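For reference, the structure discussed in these notes is given below.
The values are calculated or read from the model by the stated rules, or taken from the named source; none is laboratory data. The model shown is predicted, which means the values in this text are computed figures rather than measured ones. Cβ placement follows ideal geometry from the backbone for every residue including glycine, while neighbour counts extend to all protein chains displayed. All accessible areas refer to the heavy atoms of the entire protein, side chains included, with ligands and DNA or RNA removed. Shrake-Rupley method; radii C 1.70, N 1.55, O 1.52, S 1.80 Å.
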Amino acid sequence: QVQLVESGGGSVQAGGSLRLSCVDSGRTFSAYAMAWLRQAPGKDYEFVATISAIGGTTYYADSVKGRFTISRDNAKNTVYLQMISLKPEDTAVYYCAATAFLSVTTEGYDYWGQGTQVTVSS
């Protein structure tokens, strides 16, 4: 069973940084690829970044490439999203999600967290 809890969201000014964390309280974290997705108000879910189960492979959306970094610590059952040079258009609820197969889409995830709000003001 996978139970995901995100933290680290907040309000920052444009150009600022945040680090999101997502902890899995289950016992199978290292078996799953992990992803971060986001949903801005009135918009569909958007893929942000993903990392393979052992952390050797990562993919990013073009909109965040070079600004966001996904990483994981399987000993701590935690996946991170380091965000720098934040822009107002990054404002969204950010979700972590787990999947058996690495994905760069917003579909097919087995487990989702409850989300954490990120607000970037200009």
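Some points to look at:
- Filter pass, Ser21 being surrounded by 13 or more Cβ atoms within 10 Å (Cβ to Cβ), modelled with pLDDT of 95 or more and more than 14 Å from Gly115 (Cα to Cα): no
- Filter result for Thr28 (farther than 22 Å from Ser121 by Cα, open to solvent by 10 Å² or more (accessible area, probe 1.4 Å), in contact with a Phe, Trp or Tyr (Cβ under 6 Å, 6 or more places away or on another chain) and β-branched (Val, Ile, Thr)): no
- Here Gln39 meets the list (1) open to solvent by 30 Å² or more (accessible area, probe 1.4 Å); (2) over 14 Å from Val118 (Cβ atoms); (3) out of contact with any Leu (no Cβ under 7 Å at 6 or more places or on another chain) almost entirely, failing just condition (2).
- Entirely in the stretch 26-122, the strands (runs of 3 or more DSSP E) that have 1 or more residues that are closer than 20 Å to Ser7 by Cβ: 33-39, 45-51, 68-73, 78-83, 92-99, 116-121
- Number of the exception - Glu89 against (1) open to solvent by 50 Å² or more (accessible area, probe 1.4 Å); (2) touching a residue at least 60 places away in the same chain (Cβ under 8 Å); (3) of a type in the set (D, E, K, R): (2)
- Val23 being in contact with an Asp or Glu (Cβ under 9 Å, 6 or more places away or on another chain), outside any strand (DSSP E or B), within 21 Å of Val104 (Cα to Cα) and not basic (Lys, Arg): no
- All positions within the stretch 61-73 that are farther than 15 Å from Gly16 by Cβ and either buried (at least 19 other Cβ atoms within 10 Å of the Cβ) or modelled with pLDDT under 95 (or both): Ile70, Arg72
- Count - residues of the stretch 96-118 that are surrounded by 16 or more Cβ atoms within 10 Å (Cβ to Cβ), modelled with pLDDT under 95 and small (Gly, Ala, Ser): 1
- Exactly one residue out of Thr57, Thr91, Thr69 is more than 24 Å from Ser121 (Cβ to Cβ) and among the β-branched types (Val, Ile, Thr), and it is Thr57.
- Residue ID - surrounded by the fewest Cβ atoms within 10 Å (Cβ to Cβ), chosen from residues in the stretch 1-18 that are closer than 25 Å to Ala33 by Cα and at pLDDT 95 or above: Ser17
- For the stretch 43-53, a residue qualifies if it is touching a Ser or Thr at 6+ places or on another chain (Cβ under 7 Å), farther than 9 Å from Ala33 by Cβ and aliphatic (A, V, I, L, M), and exactly one does: Ala49.
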